[in-house]
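Undergrad: Please find one structure pasted underneath; my questions will follow.
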Amino acid sequence: MGESILVLGGTRSGKSRLAESLAAAQGGPVAYLATALTDPSDPEMTARIARHRERRPSHWTTHEIPRELEQVLPELASSNGSVLVDCVTLWITNLILGLGGGPALDDAAVLEAVDRVSRMSSSDCRIIWVSNEVGSGIIPENPLARRFADLQGLVNQRLATVCDAVYFCVAGLSVQLK
């Protein structure tokens, strides 16, 4: 049965592991939509991406999609199994900064894109969204970081509203909020 799930948490909270276990539990094929951009000048991020790749089962299909979720999600969601989007945070970063081959978008355009992709549904596919909860810290000092934190909070609220289930992860533990 089709459903949408949002998995929230901070850095190293266990959110990706939970999302991966939810995808595997669905049965059927898993399409993993990775939104991170590999940058050879950033060895720490390259290592993070490598850890995620190594953890994925070899029979899962990985699609590196830094921006184009609207173009690829409908086809992937038309099958049974699961589509795991990891992560929304990097996707909106790419949109607001104009990374990954497209223009920088203003906040309204980002929210419109989130609304379009989050309302894509499927009768047979489980769509799992992984997103960072960034609102639990201090208010950032610079304007771009404040803009991002505010936008991330709005994106998470919109996803939580339309998803069938919402989980929050902290310290490797999770609680179902919805």
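Undergrad: Order 95-107, 39-51 from most to least packed using the mean count of other Cβ atoms within 10 Å.
TA: Numbers: 95-107: 14.7, 39-51: 10.8.
Per-residue Cβ counts within 10 Å, averaged per peptide and sorted highest first, yield 95-107, 39-51.
Undergrad: Taking the chain as the reference, fit the longest principal axis to its C-alpha atoms, fit the long axis of helix 143-162 to the helix C-alpha atoms, and give the angle between the two in degrees, 0 to 90, nearest 10.
TA: The answer is roughly 30 degrees.
Undergrad: Turning to a different aspect of this structure: Taking the Cα atoms of the stretch 3-168, what is the range of coordinates along each of the three principal axes, in descending order and whole Å?
TA: So the extents along the principal axes, rounded to whole Å, are 45, 34, 30.
Undergrad: Could you order the peptides 161-174, 81-94 from most to least packed, using the average number of other C-beta atoms within 10 Å per residue?
TA: 81-94, 161-174
Undergrad: How large is the helix-only mean residue ellipticity at 222 nm for the chain, computed as the sum of -39500 (n - 2.57) over DSSP H runs with n ≥ 4, divided by its residue count, in deg cm²/dmol to the nearest 500?
TA: -13500 deg cm²/dmol, from helical runs alone.
Undergrad: Give me the number: length gained by fully extending Val162 to Thr11, i.e. 0.36 nm times residue separation minus the C-alpha to C-alpha distance, one decimal in nm.
TA: That works out to 52.0 nm of additional length.
Undergrad: If you don't mind, another one. At 4 °C and a viscosity of 1.567 mPa s, what translational diffusion coefficient does Stokes-Einstein give for the stretch 29-122, taking Rh as the Kirkwood radius over Cα pairs? Give it in µm²/s as a whole number.
TA: The diffusion coefficient I find is 92 µm²/s.
Undergrad: For Gly14, list long-range residues whose amide hydrogen, built 1.01 Å from N in the peptide plane, is under 5 Å from its own amide hydrogen.
TA: Amide H neighbours of Gly14: Gly172.
Undergrad: Between helix 43-55 and the chain, what is the angle of the helix's C-alpha long axis to the longest principal axis, kept within 0 to 90° and rounded to the nearest 10?
TA: 10
Undergrad: Where does helix 107-118 land angle-wise versus the long Cα axis of the chain, in degrees 0 to 90, nearest 10?
TA: Tilt relative to the chain: about 10 degrees.
Undergrad: Go through the stretch 77-178 and name the GluC sites (Glu not before Pro) that are in a DSSP coil and have 14 or fewer other Cβ atoms within 10 Å of their Cβ.
TA: Glu141
Coordinate-derived values only; no laboratory data. Please read these numbers as outputs of a predicted model, since none were measured by experiment. Here Cβ is always computed from backbone atoms with ideal geometry, including for glycine, and neighbour counts include all displayed protein chains.
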